[in-house]
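> Handing you a structure now.
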Amino acid sequence: MSEDLKEQVKARYAEAARAAAEAAKNAPSSCCGPSGGGCGCGPKFGEGLYDPKDLAGLPQGAVVASLGCGVPTALVDLIPGETVLDLGSGGGIDVLLAARRVGPTGKVYGLDMTDEMLALARENQLKAGVTNVEFLKGDIEAIPLPDNSVDVIVSNCVINLSTDKNRVFREAFRVLKPGGRFAVSDTVFQGDLDLIPEWIRRSAVAWSQCVSGSLEERDYLARLRAAGFVEPSVQVTQVYAGRLAGEAGQSACCGTGTILPAGIRLVSGFVRARKPGPAKPPVRGARPGDLPAVRRLLKEAGLPDDGLENQFGEAYAVAEADGKVVGVAGLETYGDHGLLRSLVVDSPWRGQGVGDALTRDRLAWAKARELKSVHLLTTTAAGYFPRLGFEMVDRRDVPVEVQGSVEFVHACPASAVAMRLGGAA
């Protein structure tokens with residue numbers, strides 16, 4: 001982004017942040033309130049897109065600062081324990097929604113270049129009481145995260161604001177893990193770009209309203225492929241046939257509007273792509289029909305399956321790839337305490353984060369049930385679990401309810417190490 005244009009966009013979004021903060025304290029303004037629209041108070045891009053149930057419990061400052069054109073967290077299945085990055089996170093609404101879905105064992109980063117938006121987002125995080133979130137200052141063209149560190153990238157009507165989109169796509173590709181997903185809401189043009197009036201092309205106002213900087217749809221997909229992504233696609237969600245931008249130098253929020261000529265239209269849509277590599281198989285709740293496959297996995301790994309059927313079902317989660325169960329973990333409950341057991345991943349899928357995803361899913365399940373503690377026994381993985389918060393304990397210090405489980409009584413040898421995670425997660 002040229003420095004002059006970048007500073008103009010930053011100034012408009014700083015003003016949007018201040019307006020959102022004020023609107024959160026008072027009645028929403030008629031121009032930049034909750035339905036005032038996305039991209040610096042331009043077209044009503046995002047109006048009505050969020051499910052009211054999802055907004056329940058979010059700080060008003062996050063809701064009124066929503067300046068997007070979609071709901072990127074609805075684009076992709078977020079797995080508990082995953083790491084998510086929101087490019088251009090604004091007031092933090094999509095970061096907070098993603099944080100709910102990845103759970104306490106996951107992490108969500110919000111990246112924004114505007115100090116006022118970052119201050120508002122951090123205030124919203126504090127009000128929401130969310131701890132698995134971190135807001136970073138920086139440009140989407142130079143993401144301040146290591147290579148291969150993120151499972152999912154989301155963004156809400158921000159990439160169109162960059163004048164160096166190729167660099168944005170390269171950076172997104174760099175920080176995504178192999179198999180990672182790119183799932184953003186953005187505006188795109190369909191048709192002949194030469195038909196766009198020259199004043200709109202030059203207007204910083206139109207640019208900051210997600211108009212001038214939008215790519216043509218086929219060009220968007222071609223640039224994603226050039227950056228290394230596979231399976232790129234655009235799913236149109238809204239067509240903007242009315243007022244798009246004010247006359248040169250005016251705001252479309254409250255000023256006179258201009259309609260694009262026939263042969264070109266602006267749309268918003270879900271843009272999806274994937275970084276090549278083995279995609280992590282999704283984790284789901286176990287079903288009764290999974291029991292034979294789970295027993296087979298445990299036996300092949302030399303792990304006990306004694307008493308597995310006692311709580312199999314809701315207490316267990318499985319990872320599934322191509323219709324086949326490739327991993328399992330259980331979190332059995334005994335009174336107010338939990339027992340993590342039967343964690344195993346099929347050999348072709350080991351070392352790809354499947355075990356992490358299963359473990360974090362079960363710990364999130366335990367936290368949701370407000371269990372006082374979670375315990376486990378292990379003969380081979382005492383070095384793995386401490387990074388999840390477990391510590392070794394004497395077997396005699398394990399709650400008597402858990403000591404009475406099949407796992408403790410006879411399934412695991414006396415030499416197995418006992419470990420404990422306090423507070424259920």
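> Do you know which of the residues in the range 379-397 that are open to solvent by less than 60 Å² (accessible area, probe 1.4 Å) and closer than 23 Å to ASP361 by Cβ is modelled with the highest pLDDT?
Applying the filter and picking the extreme gives PHE390.
> A further question follows. Name the pairs whose Cβ atoms lie under 7 Å apart, with the first residue in the range 386-409 and assigned to a helix (DSSP H, G or I), the second at pLDDT 90 or above and basic (Lys, Arg), and 6 or more positions between them or separate chains?
GLU407/ARG341
> Do we have any residue at all in the range 134-143 that's within 17 Å of LEU58 (Cα to Cα), hydrophobic (A, V, I, L, M, F, W, C), surrounded by fewer than 24 Cβ atoms within 10 Å (Cβ to Cβ) and out of contact with any Gly (no Cβ under 7 Å at 6 or more places or on another chain)?
Residues of the range 134-143 within 17 Å of LEU58 (Cα to Cα): 134-135.
In the following step, the residues that additionally are hydrophobic (A, V, I, L, M, F, W, C) were identified as 135.
Adding the requirement that they be surrounded by fewer than 24 Cβ atoms within 10 Å (Cβ to Cβ) leaves 135.
From what is left, the residues that are out of contact with any Gly (no Cβ under 7 Å at 6 or more places or on another chain) are none.
No, every residue in the range 134-143 fails to be within 17 Å of LEU58 (Cα to Cα), hydrophobic (A, V, I, L, M, F, W, C), surrounded by fewer than 24 Cβ atoms within 10 Å (Cβ to Cβ) and out of contact with any Gly (no Cβ under 7 Å at 6 or more places or on another chain).
> Another question, if that's okay. Inspect the range 118-133 for any residue being open to solvent by less than 10 Å² (accessible area, probe 1.4 Å), within 17 Å of the chain's Cα centre (by Cα) and closer than 19 Å to ARG12 by Cα and give the result as yes or no.
Yes, the range 118-133 contains at least one residue that is open to solvent by less than 10 Å² (accessible area, probe 1.4 Å), within 17 Å of the chain's Cα centre (by Cα) and closer than 19 Å to ARG12 by Cα.
> If you don't mind, there's one more thing I want to ask. What are the residues in the range 260-285 that are open to solvent by 50 Å² or more (accessible area, probe 1.4 Å), more than 26 Å from ARG201 (Cα to Cα) and modelled with pLDDT under 85, if any?
PRO278, LYS280
> Which count do you get for residues in the range 164-195 that are closer than 17 Å to ALA226 by Cα, of a type outside the set (Lys, Arg), open to solvent by 10 Å² or more (accessible area, probe 1.4 Å) and modelled with pLDDT under 95?
Qualifying residue count, the range 164-195: 2.
> Got at least one residue in the range 357-372 being farther than 25 Å from ALA99 by Cα and in a helix (DSSP H, G or I)?
No, every residue in the range 357-372 fails to be farther than 25 Å from ALA99 by Cα and in a helix (DSSP H, G or I).
> Test ARG101 against the criterion of being open to solvent by 50 Å² or more (accessible area, probe 1.4 Å) and under 10 Å from the mean Cα position of the chain (by Cα), and give yes or no. Let's see the steps before the verdict.
Numbers: open to solvent by 50 Å² or more (accessible area, probe 1.4 Å): yes; under 10 Å from the mean Cα position of the chain (by Cα): yes.
So ARG101 fits the description; yes.
> With the condition kept exactly as written, say whether any residue in the range 237-247 is modelled with pLDDT under 95, within 22 Å of the chain's Cα centre (by Cα), surrounded by fewer than 18 Cβ atoms within 10 Å (Cβ to Cβ) and assigned to a strand (DSSP E or B).
yes
> Restricting attention to the range 353-384, report how many residues are in contact with a helix residue (DSSP H, G or I) (Cβ under 8 Å, 6 or more places away or on another chain) and among the hydrophobic types (A, V, I, L, M, F, W, C).
4
> Which residue out of ARG341, ARG369 is of a type in the set (Lys, Arg), surrounded by fewer than 19 Cβ atoms within 10 Å (Cβ to Cβ), in contact (Cβ under 8 Å) with a residue 12 or more places away in the chain and over 22 Å from ASP151 (Cα atoms)?
After ruling out the rest, the residue left standing is ARG369.
The values are calculated or read from the model by the stated rules, or taken from the named source; none is laboratory data. Bear in mind that the values here come from a model prediction, so they are computed numbers and not experimental data. For neighbour counting, all protein chains shown are included, and Cβ atoms are generated from backbone atoms with ideal geometry for every residue, glycine included. Surface areas here come from the heavy atoms of the whole protein model, side chains and all, with no ligands, DNA or RNA. Shrake-Rupley method; radii C 1.70, N 1.55, O 1.52, S 1.80 Å.
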